[in-house]
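**Q** Okay, handing you the structure first.
What follows is calculated from the coordinates using simple rules that are stated; it is not laboratory data. Every value quoted in this text rests on a predicted model; they were computed, and no experiment measured them. Counting neighbours? That spans all protein chains shown, and the Cβs are built from the backbone with ideal geometry, glycine included.
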Amino acid sequence: MSETITAILEGVLDRLQFQATTYLPSLIAAFIVIALALGISVATRRILYRIFKGATIDRLMRRSGVAHILDPSGRLRATTIVAEIAYWSILALGILAGLSVFGTDLTAQLIQTFVLLIPRLVIAAVIVLAGAWLSHYLARCTLVWAFGEQLPHPRRLAAAVRVMVFFVATVVASDHLDFARNVFLTAFVILLGGLVLAVSLALGIGASSRVRGYLKDPPKRPTTQEERSLWTHL
Amino acid sequence: MFSTLSVEAERATTDIKSADIVIGIPSFNNAKTIGHVVKACYAGLFKYFPQMSSVVINSDGGSTDGTREAVLTASVDEKSLMVLSTPLFPIHRLSVPYHGIPGKGSAFRTIFEMARRLGARACAVVDADLRSITPEWIDLLLRPILLANYEFVAPYYHRHKYDGTITNSIVYPLTRMLYGSQVRQPIGGDFGVSARVIDCYLRKDVWETDVARFGIDIWMTTVAIAEGFRTCQSFLGAKLHDAKDPASDLRAMLQQVVGSIFELMDTYEPTWSRRSESVTVPVFGFCFDVGLEPIAVDVDGMLREFQRGARELGEVWSLALTPTTFQEIKKVAGASEIAGEFHLSDSLWARIVLEFSVAYKAHPLLRGQLLGSLTPLYLGRVASFVYETRMMTSREVEDRIESLCVTFESLKPYLAQLWRGRGESKDTHLEVKNV
């Protein structure tokens, strides 16, 4: 009986020893790699904060309106963005390198998937960012135009444009990532179809008399008195 | 060399060969009034410059109402002018179409190009819709150049207190603050220029921009002042003109004028940043009081437009304005609900204009949106001005405009600070002097 127990315990110890000798060095190595990556990323972030003033990029971001999209309060700086991107990129690479130490099929597959996904993620992020910029830009154009044309609710119109453009960008990005492609496309088609239907119904039911009146008697050019008032401004 | 002149203009220039004086009249469908303008120019040349060769050039934008025919058929009874000396040279008269973007600026370009080719010593330009022009205008616009070595003559008119509100609330105070020259009507429309100034204008590559439209007047004045040409003003009496401009509205007009000023601020930054005070500009001519046509102003409509802007356009305004200024506008818009209590102060208005100019520089991609959103603010300022000056005489109103100019001038360091900060004012909480 005692011999059996001893044999089992020895077997357990052997297995533990085997697993420890097999995986512990890899684990330690992985920790070292990750710790190193963490150290490098922290150091890089600090260096970037110190040496990279970011004046030119800040100006470019402000002029293009990207800064306003990322942070409407205007406090966000290009230096912060660059430093944080560098920090997280190095850290992610370190974690991947750390995982690769184990050399298993699972980690290899994980790394491969991640590496292959990076360019697509970057492109998708660019698409979303460009979409966000364009949505803000077109929304403001709509706002100013609708205001100038005396249309009712310019802000709502601008918001609708903003949502639509950003949604289109999201659909494109998700399509690029192959992520819930059908869900987004279907939602987009439903939204667009719904919008067209709503406008048609609104025109047909609510504004048919106004449209008829407009077609029958289009608005006339300003009268002489109104035209005259323009001149008094200069 | 590439010519900007039409074939007709080229041929006419070749035929006439040379002229001492050129008078330019830009036009578009001004058949009703241009005959009178041509007669006044003709009489002015006949009466005041009989020893000089001269040409009256109408640069037309494709009128369909017989404007060009009216120019060529307008006649003056020379006997009625009772001149003492007989002119030595005939006064030529031309009507030519211009090339380029439709607008007053393109018309001027043709006139200046022809004046240069003809070797003119002086050139005057007058609007085609003037009803109050007299032969004396020609003398007053040209004589300072021909006899007193001035190179740019700006007009000086008596105007109704509500006439020329863009001039009074933006163009004059801003030009005076920036370039230190008290030219009262920088966008008056009737100017006299020397050959050197014409050369300078034609060298600039601006003729495909807003300068070719409403921006031409402020561009001409600013270039002349900023480039150091000797400048004076001539008192022309009242400016009464025909009431029509088929291709424009207030928004477009404001955008083109203000956009041109902001564009010029960038170009001439080294010049304006060095000038700290403004100086008076000599006025020629005999000043007299004139009867002015009353102007009806829909002040409630303006106020409504301002309130609507405050409700709707905050998103765009916040791009241009500092948080302090933006909050003040909201406060003013809130107070405007109470009838008669609406007041947009000089200091706030000056800061709005200056902060927009900085934003215009800082956000090149958003310029259209920024300028497009300025109209309700401008209307708010005009409404406030009208409320404030309702019971004032013209002279008192002129004092109010002077006070606005002083406010603008006192804020020049603020502008310089914003400008240097390249739009980072939102974080730096700049100090605004109490004015």
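**Q** Taking the Cα centre of the range B:299-410 as origin, sum charge times position over the Cβ atoms of Lys and Arg (+1) and Asp and Glu (-1), and report the length of that vector in debye to the nearest 20.
**A** Details: 12 positive and 15 negative charges, 73 e Å.
Dipole magnitude for the range B:299-410 comes out near 360 debye.
**Q** How large is Rg over Rh for the protein assembly as shown, taking Rg from the Cα atoms and Rh as the Kirkwood inverse mean of 1/r across Cα pairs? Intermediate values should be presented prior to the final figure.
**A** Numbers: Rg = 34.0 Å, Rh = 29.7 Å.
Radius of gyration relative to Kirkwood radius: 1.15.
**Q** For the range B:58-72, in order, what is each residue's ³J(HN,Hα) by Karplus, 6.51 cos²θ - 1.76 cosθ + 1.60 with θ = phi - 60°, in whole Hz (x at glycine and Pro)?
**A** Values per residue, Gly and Pro as x: 9, 9, 10, x, x, 5, 10, 10, x, 4, 5, 5, 4, 5, 6 Hz.
**Q** Now a separate question. Sort the following peptides by mean Cβ neighbour count (other Cβ atoms within 10 Å, averaged over residues), highest first: A:148-155, B:153-160, A:41-48.
**A** Values: A:148-155: 13.0, B:153-160: 22.6, A:41-48: 15.4.
Going from most to least packed, we get B:153-160, A:41-48, A:148-155.
**Q** Cα-based Rg of the range B:7-284 per 2.2 N^0.38 Å, rounded to two decimals?
**A** With N residues counted in the range B:7-284, Rg over 2.2 N^0.38 Å equals 0.94.
**Q** Suppose we keep just the DSSP beta bridges with both residues in the range B:1-140; what percent of those would be antiparallel, to 5? Please list the in-between numbers first.
**A** On the way: 0 of 18 bridges.
In the range B:1-140, approximately 0 percent of DSSP beta bridges are antiparallel ones.
**Q** I've got another one for you. Can you pick out the pairs among B:Lys161/B:Lys239; B:Lys32/B:Lys161; B:Lys361/B:Lys412 whose Cα atoms lie more than 18 Å from each other? Please report the intermediate quantities before stating the final value.
**A** On the way: B:Lys161/B:Lys239 13 Å; B:Lys32/B:Lys161 27 Å; B:Lys361/B:Lys412 16 Å.
From the list (B:Lys161/B:Lys239; B:Lys32/B:Lys161; B:Lys361/B:Lys412), the Cα-Cα distance tops 18 Å for B:Lys32/B:Lys161.
**Q** Right, something else. What do you get for Rg/Rh of the range A:1-43 when both radii come from the Cα atoms and Rh is the Kirkwood radius? Can you show the working numbers first?
**A** On the way: Rg = 17.9 Å, Rh = 12.6 Å.
Value, to two decimals: 1.42.
**Q** Need the list of aspartates and glutamates near B:Lys204 for cross-linking: C-alpha distance under 20 angstrom, and skip anything on the same chain fewer than eight residues off.
**A** Here the aspartates and glutamates satisfying the reach criterion relative to B:Lys204 are B:Glu113, B:Glu151, B:Asp217, B:Glu227, B:Glu263, B:Asp266, B:Glu269.
**Q** Could you point to the residue in B:Val206, A:Trp145, B:Tyr268 farthest towards the positive end of the protein assembly as shown's charge dipole, with +1 and -1 charges on the Cβ of Lys/Arg and Asp/Glu respectively?
**A** B:Tyr268
**Q** Let me ask another. Cβ under 14 Å from B:Ser54's Cβ, B:Ser54 left aside: what net charge do those residues give with Lys, Arg +1 and Asp, Glu -1? Write out the running numbers ahead of the final one.
**A** On the way: positive: B:Lys17, B:Lys47, B:Arg93, B:Arg121, B:Arg143; negative: B:Asp20, B:Asp139.
Computed value for this residue: +3.
**Q** Over the range B:306-397, calculate the relative contact order: mean separation of alpha carbon pairs under 8 Å at least 6 apart, over the residue count, as a percent.
**A** 37
**Q** Can you tell me the dipole magnitude for chain B around its Cα centre, using point charges on the Cβ only (Lys, Arg +1; Asp, Glu -1), in Debye to the nearest 20?
**A** Details: 46 positive and 51 negative charges, 127 e Å.
It comes to approximately 600 debye.
**Q** By its C-alpha gyration tensor, with a ≥ b ≥ c as the square roots of the eigenvalues, how is the range B:90-220 shaped: rounded for a/c under 1.5, else prolate for a/b larger than b/c, else oblate? Intermediate values should be presented prior to the final figure.
**A** On the way: a/c = 1.44, a/b = 1.24, b/c = 1.17.
Since a/c stays below 1.5, the shape of the range B:90-220 is classed as rounded.
**Q** Only bridges with both residues in the protein assembly as shown count here: give the DSSP antiparallel percent, nearest 5.
**A** Of the beta bridges lying entirely in the protein assembly as shown, close to 20 percent run antiparallel.
**Q** Given H placed on each backbone N at 1.01 Å, which residues far from B:Val56 in sequence or on other chains put an amide H within less than 5 Å of it?
**A** Counting only residues 5 or more places away or on other chains, the set is B:Ile23, B:His92, B:Arg93, B:Leu94.
**Q** Could you give the dipole magnitude of the protein assembly as shown about its Cα centre, charging the beta-carbon of Lys and Arg +1 and that of Asp and Glu -1, in debye to the nearest 20?
**A** Its charge dipole is roughly 260 debye.
**Q** What residues have an amide H closer than 5 Å to that of B:Ser181, excluding those fewer than 5 places away on the same chain, when H is modeled at 1.01 Å from N in the peptide plane?
**A** B:Val279
**Q** Could you derive backbone 3J(HN,Hα) for the range A:169-179 from the dihedral phi with the Karplus parameters 6.51, -1.76 and 1.60 (θ = phi - 60°), listing whole Hz in sequence and x where the residue is Gly or Pro?
**A** Result, ordered by residue: 4, 5, 4, 5, 5, 5, 4, 5, 7, 6, 10 Hz.
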